[in-house]
Amino acid sequence: MAASKITSRSTIISLLIGAVFVVLLGARINSLENYTFARVVQDFLNALTLGSLYALIALGYTMVYGIIRLINFAHGEIFMLGSYFAFYAMTLTPLPWAISLLVTIILGGTVLLVLRSLFNLEEPKRTFALSLIIFGGTFFLLTFRKLGWVEGLTLSMLATGVAGVLLEAIAYKPLRGAPRESMLITAIAASFFLQNFGQLVFGARVRGFNAQTILNKPLNFHIGPETVYFTGILVVVPLITALLLWVLNLFVSRTRLGKAMRATAQDAEVAQMMGVNVNQVIALTFFIGSILAAAAGVMYAIRFGQIHPLMGLMPGIKAFTAAVIGGIGSLPGAVLGGLLLGFIEIYVVSLFPTLSAYKDVFAFVLLILILLFRPSGLVGEDLTEKV
Amino acid sequence: MRDYLLTLLSVGLAALALYFLTVSEGTSGLLSALTLIFIWGIAAISLNLINGQLGILSLGHHGFMLIGGYVTALLMLPARERRPFRTRLLSDWARNHLDLDKWLRGLGLDALANSIDAKFIIALFIAGLAAALLGIIVGAPSLRLKGDYLAIVTFGFGEIIRLLPNAPEVAAFTNGPLGIKGIPGNAGNIWWTFLALLLVLWFFSRLKFSSYGRAFEGIREDEIAAEAMGVNLAYHKILAFTISAFFAGVSGGLYASYLQSVDTQTFNFFVTFFLLVAISLGGLGSITGALLGTAIVVLVRVYGGFLEQPNPAWVGYLSGAVLMLAAFAFSAYIRKARRLRPVIEPKHFIFGAVGAVLLVITIAFFKQPWMQQTVQFFGMRKMLLAVILILIMIYRREGVMGRAEFSWKLIIGPREDIPTDEQRKQDAWLSNPDLNPGLKEDGDDDASA
């Protein structure tokens, strides 16, 4: 099976196209006089960071598509919510204790309810411990000092995960079993709703995400006469991404719920017959996808320094492209696609500066080409529809 | 015959009503709303051809409209408006050659070139053709892909078309993000859009019940069955995209000339979303529904301004009343549908209670100044449209009209579900075992099945 797959014509063609591109890039790099080693390092760091962020967002797309065959158009807006939650957590703290208590009760209560339903924590002892951790932790974090980016990231991930679950419960759950086009339309509507909701609640203007952390402190270094512009975030993003991927991999491959997720992705009906609670698995998928999107959102905001309610649009589209490149439904594929897209974007702009205006157009062209000629992606399963 | 006369009569009445609107004072707001309904109605009907009749979810309609808008703008731009472009971005070549006036005079058709109306019609036609050409390209992937993947591809095409006018190389023609301003044309005049809509309605209603329309609907229901019946899938799919794109281009041209300006933000993805709400609301696959949905959606957009400047007082009244009504309606519905004895469900009780508390608070604090302050709620209309679309998808996927069309028979004609005397006679013959020998066997078949 594997041998036949490798020797299949389309694989060979895509390998050939890839080889041609590599040769062209090499020629281009040789022909550029000012393309020094420092720029190679710089581009590599930038591409790795951007690719990691795309990979994190793409995972949410690919997981949701794998489970319920829905292109979650609103995922980019979840990403936006994540960065705004972190922004408010980091700028509004420390809160007065009364408000903090109120926020803790509302937010912690919702988080607790969602977590309990997601992870089967009905046992009283576990519930008690969890509620103690959540309520105590939230209250402690919000009341006493200004939050740093680590706490902001953590809180935002939790809150965004819950937001994702709520989105699924309100907008997508009533449409279980509906035609896929209807679900896509609903997702588009949810995306528009969240964009305008963001403009209404957060304000339409661009806000500086001024994380005064060591992450944005310039740590430039020199290679020969050239300077490499280096900040902590360039290392932190790939590291956190790798950590999250490791945890996700452990979760999906080692735990009962992960097994249930894999089973549901393979065949939801049969999984249901085998006793998998499919609704719970779907909600869990949205939770995990939103957590990853929130992590990406916060790090994106720190990296680029500003947030606005429409910021999720282009990263969302690009991450979706990445998921399609990797083969939608496949977790390693999403990571691979995300990294690939990050590298392509950075290197195209760096090597062909005149094309930088076409950066966004390029993402769409890539998306269309992949969907047209290799819809199963690089490592995805075959998606031929049967009669 | 009767139907034709009635149609003519109602068109005449509509025209008369429009005439009275145009001559009476203080109706400019209503007239511009009507113009918008007509323009967007053409776009919605053309989108309905792909999304409703052909059954392919297409999300690239804003691209077609943008092409139509830009082509109309470039062709119609008068010479004195072209000059300032030299200092900006429009290239000399585009300034000198993309001019309908020159083309017509070159062909010796001075009479046409002197009439702005004739030029406008020709420009609209060319805009439609340009969009139709693009429709062939965008429609081509539908031969390979299906469902949501195809939807994403059309979306990608639409977005590429939207992004291109801002790119530096193309900006020489399109003036980049600044757009083109000062487009003459008569679309602001309601008669033009009215006439265009009538033509479009005529064309699409003929198309729907022609062999082509049947073939489109056959493809929607089952591609393989349609192919087996001899429908050429590739031809019909591309044809539908081409026709739809043509009229989208025309409506884009009308809209550009109504606004007298065009830029890439005029035709962003929200346009397609807006049309999608309209046709989903009216009923996918129904031309009448598309027009109806457009009317509702445009009216929300034009007259929904008050939604964005509410004050707490009436928000309290409205939401309280809505919540209480919803609670009553839900519990009544559940009691009726499941034949429960009158038990109050906790969810409905909470709804009703929150509504009642809101109402009480609003009434109690009505005189307070903070109750009367106006709050700015930007984006409320768009959120409302999104919520409407989600609710339609959840509760009534077939929209208001379903796939039904308006017809005179529906209103005043003989009801088809009551058999005529002749049909009764036939039925009597069919159910008489002496006259219909096949009856007994049929009965047996039914029993065994």
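No lab work stands behind these numbers, since they all come straight from the coordinates. Keep in mind it's a predicted model, so treat the numbers as computed, not measured. Methodologically, a virtual Cβ is constructed for each residue, glycine included, from the backbone with ideal geometry; neighbour enumeration extends over all protein chains shown.
Which of the chymotrypsin sites (Phe, Trp or Tyr not before Pro) found in the range B:146-197 are loop residues per DSSP with 13 or fewer other Cβ atoms within 10 Å of their Cβ?
Passing both the DSSP loop test and the Cβ count: no residue.
Treat the count of other C-beta atoms within 10 Å as a stand-in for reagent exposure and order A:Phe320, A:Phe79, A:Phe128 from fewest to most.
Exposure proxy ranking, most exposed first: A:Phe128, A:Phe320, A:Phe79.
Sort A:Tyr300, B:Tyr303 so that the residue with the fewest other Cβ atoms within 10 Å of its own Cβ comes first and the one with the most comes last. Walk me through the numbers before you get to the answer.
Details: A:Tyr300 28, B:Tyr303 13.
In order of increasing Cβ crowding within 10 Å: B:Tyr303, A:Tyr300.
Whole percent per 20 Å bin, from 0 to the bin with the longest distance: what is P(r) over all C-alpha pairs of chain A?
Taking all Cα pairs of chain A, the binned fractions are 26, 57, 17, 0 percent.
Would you kindly work out the equivalent ellipsoid of the protein assembly as shown from its C-alpha gyration tensor and give its semi-axes, the square roots of five times the eigenvalues, largest first in whole Å?
Details: eigenvalues 405, 296, 201 Å².
Working from the Cα gyration tensor, I get semi-axes of 45, 38, 32 Å.
Mind listing the long-range amide H neighbours of B:Ser261? Cut-off is under 5 Å, sequence gap 5 or more, other chains count too, H placed in the peptide plane at 1.01 Å from N.
B:Ile183
Between A:Ala27 and A:Met273, what is 0.36 nm times their sequence separation minus the Cα-Cα distance? Round to one decimal in nm.
In short, 82.9 nm is gained.
Between A:Ala169 and A:Lys259, take the C-beta separation as r, use R0 = 25 Å, and let me know the FRET efficiency to the nearest 0.05.
After rounding to 0.05, the efficiency reads 0.60.
Run the quick spin-label model on B:Ala428 and A:Val235: label points 7 Å from Cα toward the beta carbon, then report their separation in nm to one decimal.
9.9 nm
If amide hydrogens are placed 1.01 Å from N in the peptide plane, which non-local residues have theirs closer than 5 Å to the one on A:Glu226?
Those qualifying (amide H under 5 Å, at least 5 residues apart or on another chain) number zero.
For the range B:358-374 and the range A:158-197, compute the distance between their C-alpha centroids and round to whole Å.
Centre-to-centre (Cα) distance: 34 Å.
Taking the simple approach of a point 7 Å from Cα along Cα-to-Cβ for both B:Ile224 and A:Phe221, what is their distance in nm?
Here the modelled spin labels are 6.1 nm apart.
Which number do you get for Rg(Cα) / (2.2 N^0.38 Å) in the range B:111-216?
1.38
Which net charge results for the neighbourhood of A:Ala296, defined as the other residues with beta-carbon distances under 14 angstrom from its beta-carbon, given Lys and Arg at +1 and Asp and Glu at -1?
With Lys, Arg at +1 and Asp, Glu at -1, the neighbours total +1.
What FRET efficiency, computed as 1/(1 + (r/R0)^6) with R0 = 41 Å and r the Cβ-Cβ distance, is obtained for A:Arg126 and B:Val387, rounded to the nearest 0.05?
0.65
Between A:Phe44 and B:Ser24, what FRET efficiency comes out of the Förster formula 1/(1 + (r/R0)^6) with R0 = 45 Å and r the beta carbon distance, rounded to 0.05?
Using R0 = 45 Å, I get an efficiency of 0.05.
Would you mind checking which residues have amide H under 5 Å from A:Thr231's amide H? H placed 1.01 Å from N; only 5 or more apart, or other chain.
A:Leu219
Of A:Trp149, A:Trp97, how do they rank once you tally other Cβ atoms within 10 Å and put the fewest first?
Fewest-to-most Cβ neighbours within 10 Å comes out as A:Trp97, A:Trp149.
Please list A:341-352, B:107-118, A:252-263, B:281-292 highest first by mean number of surrounding beta-carbon atoms within 10 Å per residue. Before the final figure, lay out the partial values.
Values: A:341-352: 19.2, B:107-118: 12.8, A:252-263: 15.5, B:281-292: 26.5.
Ranked from most to least packed, the peptides come out as B:281-292, A:341-352, A:252-263, B:107-118.
What does the charge count near A:Leu366 come to, summing +1 for each Lys or Arg and -1 for each Asp or Glu among other residues with Cβ under 14 Å from its Cβ?
0
For the range B:43-59, in order, what is each residue's ³J(HN,Hα) by Karplus, 6.51 cos²θ - 1.76 cosθ + 1.60 with θ = phi - 60°, in whole Hz (x at glycine and Pro)?
Whole-Hz 3J(HN,Hα) from phi for the range B:43-59: 5, 5, 5, 6, 5, 4, 4, 7, 6, x, 7, 7, x, 10, 6, 10, 10.
Report, in listed order, any pair from A:Lys318/A:Lys359; B:Lys208/B:Lys409; A:Lys217/A:Lys318; A:Lys217/A:Lys359 with a Cα-Cα distance greater than 22 Å.
Numbers: A:Lys318/A:Lys359 11 Å; B:Lys208/B:Lys409 17 Å; A:Lys217/A:Lys318 28 Å; A:Lys217/A:Lys359 28 Å.
The answer is A:Lys217/A:Lys318; A:Lys217/A:Lys359.
Give or take rounding to whole Å, what are the principal axis extents of the alpha carbon atoms in the range B:22-306, in descending order?
Its Cα atoms span 57, 46, 40 Å along the three principal axes.
Could you compute the net charge surrounding A:Met183? Neighbours are other residues with a C-beta less than 10 Å from the C-beta of A:Met183; K and R count +1, D and E count -1.
Surrounding charge for A:Met183 is +1.
Quick one: if you stick a label point 7 Å off each Cα along the C-beta vector at A:Phe304 and B:Ser407, how many nm between them?
Label at A:Phe304, label at B:Ser407, 5.4 nm between them.
For peptide B:374-384, what's the mean number of Cβ atoms from other chains within 10 Å of each residue's Cβ?
That average works out to 4.
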